[in-house]
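Below is one structure, written out as structure tokens; comments come after it.
The values are calculated or read from the model by the stated rules, or taken from the named source; none is laboratory data. Not measured: the values here are computed from a predicted model. Glycine gets a Cβ as well: all are built from the backbone with ideal geometry, and neighbour counts include every protein chain shown.
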Amino acid sequence: MVHADLCDLDALCDALEMSREIGAQHAFGEWRKRHVTPGSDANTPDAVSEFARRSVGTYHHQVGACPMDVDELAVVDPQLRVRGMAGLRVPDASIMPVVPSADTNAPSTMVGEEAADLING
Ligand SMILES: Cc1cc2nc3c(=O)[nH]c(=O)nc-3n(C[C@H](O)[C@H](O)[C@H](O)COP(=O)(O)OP(=O)(O)OC[C@H]3O[C@@H](n4cnc5c(N)ncnc54)[C@H](O)[C@@H]3O)c2cc1C
């Protein structure tokens, strides 16, 4: 999970820098007054990273507590069966290997429907 956290932080810092570049474009000159957040004094990678760490929240799309994968370290296999335990499947958002790029309720329902099909054969 440490690796995923660092990827997230890198992506957030890149997004911050990109947002600054976009906001600084000539086309926005008419609307732009001053640089507010994270502030023009946050001008080093460490300062941007510190701002990102302080500012983010988890929001509502926590997934992947027991991710599905094909390797033996995955908690569940692609049929949603818990590895090393007979007769137990996990049919919810916790099996998602990554956070989907959309809201998670519909994907969770799809996981449940897929599980029902798998159980019913
Ligand atoms: C505030 C909020 C707003 C959200 N808004 C949206 C949105 O607008 N659109 C969207 O797509 N997604 C939204 N989501 C995300 C979405 O609700 C979840 O992704 C989805 O509900 C996950 O489904 P799930 O079945 O994995 O878990 P859950 O829906 O959390 O279901 C888990 C169930 O297990 C039960 N349970 C827990 N422990 C036990 C136990 N020991 N024994 C028996 N039962 C137990 C719980 O009571 C619960 O009913 C939101 C989430 C939150 C928290």
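Identify the single condition in (1) assigned to a loop (DSSP other than H, G, I, E, B); (2) within 16 Å of the ligand (Cβ to nearest atom); (3) free of Cβ contacts under 8 Å to residues at least 40 places away in the same chain that ASP41 does not satisfy, given that it satisfies every other one. With respect to (1) assigned to a loop (DSSP other than H, G, I, E, B); (2) within 16 Å of the ligand (Cβ to nearest atom); (3) free of Cβ contacts under 8 Å to residues at least 40 places away in the same chain, ASP41 is out only on (2). The set of residues in region 93-117 that are β-branched (Val, Ile, Thr) and buried (at least 16 other Cβ atoms within 10 Å of the Cβ) comprises ILE95, VAL99, THR104, VAL111.
Among ALA86, ALA102, ALA115, ALA93, which is the only one that is out of contact with any helix residue (DSSP H, G or I) (no Cβ under 7 Å at 6 or more places or on another chain), modelled with pLDDT of 95 or more and within 16 Å of the ligand (Cβ to nearest atom)?
Details: ALA86 fails: within 16 Å of the ligand (Cβ to nearest atom); ALA102 fails: modelled with pLDDT of 95 or more; ALA93 fails: out of contact with any helix residue (DSSP H, G or I) (no Cβ under 7 Å at 6 or more places or on another chain).
When all the criteria are applied, what remains is ALA115.
Can you confirm whether VAL90 is surrounded by 12 or more Cβ atoms within 10 Å (Cβ to Cβ), of a type in the set (Val, Ile, Thr) and closer than 21 Å to ASP8 by Cα?
Working: surrounded by 12 or more Cβ atoms within 10 Å (Cβ to Cβ): yes; of a type in the set (Val, Ile, Thr): yes; closer than 21 Å to ASP8 by Cα: no.
Answer is no for this residue.
When only residues in region 53-75 that are surrounded by 14 or more Cβ atoms within 10 Å (Cβ to Cβ) and within 16 Å of the ligand (Cβ to nearest atom) count, which is modelled with the lowest pLDDT? Lay out the reasoning, then the answer.
Narrowing region 53-75 to residues surrounded by 14 or more Cβ atoms within 10 Å (Cβ to Cβ): 61, 63-64, 66-69, 74-75.
Filter again for within 16 Å of the ligand (Cβ to nearest atom), leaving 61, 63-64, 66-68, 75.
Working: HIS61: 87, VAL63: 94, GLY64: 93, CYS66: 93, PRO67: 94, MET68: 96, VAL75: 95.
Step by step, filter region 53-75, then rank; the result is HIS61.
When you scan region 51-60, do you find a residue that is under 30 Å from THR109 (Cβ atoms) and either of a type in the set (Ser, Thr, Tyr) or in contact (Cβ under 8 Å) with a residue 60 or more places away in the chain (or both), even just one? Looking for residues that are under 30 Å from THR109 (Cβ atoms) and either of a type in the set (Ser, Thr, Tyr) or in contact (Cβ under 8 Å) with a residue 60 or more places away in the chain (or both), one finds at least one in region 51-60, hence yes.
Would you pick out the residues in region 94-107 that are assigned to a helix (DSSP H, G or I) and without any contact (Cβ under 8 Å) to a residue 24 or more places away in the chain?
First, the residues of region 94-107 that are assigned to a helix (DSSP H, G or I): 94-95, 105-107.
Result: ASN105, ALA106, PRO107.
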